[in-house]
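Structure first, commentary second.
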Amino acid sequence: MDEEQQQRPDPGRPGPLAGFTVGVTAARRADELGALLQRRGAVVLHAPALRIVPLADDGELLAATKEIIDQAPDIVVATTAIGFRGWVEAADGWGFGEELLQRLRDVQLLARGPKVKGAIRAAGLTEEWSPSSESMAEVLDRLLEEGVDGRRIAVQLHGEPLPGFVESLRAAGAEVVPVPVYRWMPPEDLGPVDRLLDAVVSRSVDAITFTSAPAAASLVSRAEHRGLLGDLLAALGHDVVPACVGPVTALPLQALGVDTVQPERFRLGPLVQLLCQELPSRARALPIAGHRLEIRGHAVLVDGELKPVPPAGMSLLRVLSRRPGWVVARAELLRALPGAGRDEHAVETAMARLRTALGAPKLIQTVVKRGYRLALDPAADAKYADV
């Protein structure tokens, strides 16, 4: 059974991400990531935080390619499959394709991971070595152990920061030739990014995923431009789970003091699986009126059955769940309703819709002239007495 099959939920039950909303910032492979999340029940809010600009017409890549053809390096480090393929395709377009491949046949060619190995072999080349961890840190360790003093090393860049990689090689005496195959740029349409930012700040999403460091940096930059950086960091620090595909991707957020969650394997499947564990573990489950109530982002599980709830109803339910079994006054509930004004009748209307959505009216009790309470089971009273 493959990894994808292992992660698929039982079709007869709500998926592990049912009731949760997940933001996706990826530009590449966003459809694949979105499909993985949706299959597990999540609502996906996609906003590419960047766009990839190939450098086929860029003088920097042309100059680096000519330099490598004219003066062969000792070592070439290939970091991404899309970048390596783009480099070879650009060289073909300039009429230098065969000359570049011949140079690469004569050098020590290192590949960061299996996808890069595939791209190298598709070009008719063979890599000398690839780390099992897919980590640039392991590539760096190997190079430094072998010794790089006086050696010429070409590094295919991939738009993401390689913290300390080039600097460490140069400090050890290597001559480094950067090969910039493509650049990350802000998206042409900032509307989706702004909507995602607003959703994060308002806690309308439960998690946000990052598959590249530039995407994280771009979202931070946009938040700063809009005066929302403090609000964004507060949301990511408490209520919205920032999930990164790996440690390099997490760097722009960690630099701002944001703790992220990361899978052990730097792949989309493990990233989704991590969210399948992380988000349900944060959901609040309560024994209410003989039922098990699990409060998720935009829905509720009642005895394992998914019950979509309107936003106003979710606002009321969250207030009630902070003190399960205790009466909450209408005035306090009114303050939780966005744009409700001063009319407490709005609470009654929203409460009626909430009860209908839950499908079990006795979960929430009306206490005459006082307010409402969750009908916490008597056996649970002691457990929640001090909440």
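The values are calculated or read from the model by the stated rules, or taken from the named source; none is laboratory data. Computed from a predicted structure; not experimentally measured. Cβ sites come from the backbone with ideal geometry, for glycine too, and all protein chains shown count toward neighbours. Keep in mind that these areas ignore ligands, DNA and RNA; they rest on the heavy atoms of the full protein, side chains included. Shrake-Rupley method; radii C 1.70, N 1.55, O 1.52, S 1.80 Å.
For region 21-41, filtered to residues that are open to solvent by 10 Å² or more (accessible area, probe 1.4 Å) and assigned to a loop (DSSP other than H, G, I, E, B), the residue that is nearest to Ala223 (Cα to Cα) is Ala27.
If you check Val241 against the conditions, is it modelled with pLDDT under 95 and in contact with a Ser or Thr (Cβ under 9 Å, 6 or more places away or on another chain)?
No.
For region 98-116, which residues satisfy the criterion of being within 36 Å of the chain's Cα centre (by Cα), open to solvent by 10 Å² or more (accessible area, probe 1.4 Å) and either under 18 Å from Ala174 (Cα atoms) or without any contact (Cβ under 8 Å) to a residue 24 or more places away in the chain (or both)? Scanning region 98-116 gives Gln108, Pro114. Yes or no: Pro131 part of a loop (DSSP other than H, G, I, E, B), surrounded by 14 or more Cβ atoms within 10 Å (Cβ to Cβ) and within 31 Å of the chain's Cα centre (by Cα)? Yes, satisfied. When every residue of region 197-205 is checked against the conditions, at least one turns out to be within 17 Å of the chain's Cα centre (by Cα) and modelled with pLDDT under 95. When you check Ala90 against the structure, is it over 29 Å from Pro247 (Cβ atoms), more than 27 Å from the chain's Cα centre (by Cα), aliphatic (A, V, I, L, M) and open to solvent by 20 Å² or more (accessible area, probe 1.4 Å), yes or no? No, not satisfied.
Quick one: in region 321-335, which of the residues that are touching a residue at least 40 places away in the same chain (Cβ under 8 Å) and among the basic types (Lys, Arg) is least open to solvent (accessible area, probe 1.4 Å)? Across region 321-335, the extreme among qualifying residues is Arg330.
Of these, Ala119, Ala78, Ala63, Ala72, which one is open to solvent by 10 Å² or more (accessible area, probe 1.4 Å) and touching a Lys or Arg at 6+ places or on another chain (Cβ under 9 Å)? That would be Ala72, the only listed residue that is open to solvent by 10 Å² or more (accessible area, probe 1.4 Å) and touching a Lys or Arg at 6+ places or on another chain (Cβ under 9 Å). A single member of Val200, Val193 is in contact (Cβ under 8 Å) with a residue 24 or more places away in the chain, under 20 Å from Gly41 (Cα atoms) and either open to solvent by less than 10 Å² (accessible area, probe 1.4 Å) or out of contact with any helix residue (DSSP H, G or I) (no Cβ under 9 Å at 6 or more places or on another chain) (or both), and it is Val200. Out of Gly59, Gly95, one residue alone is free of Cβ contacts under 8 Å to residues at least 12 places away in the same chain and over 29 Å from Ala215 (Cα atoms). It is Gly95.
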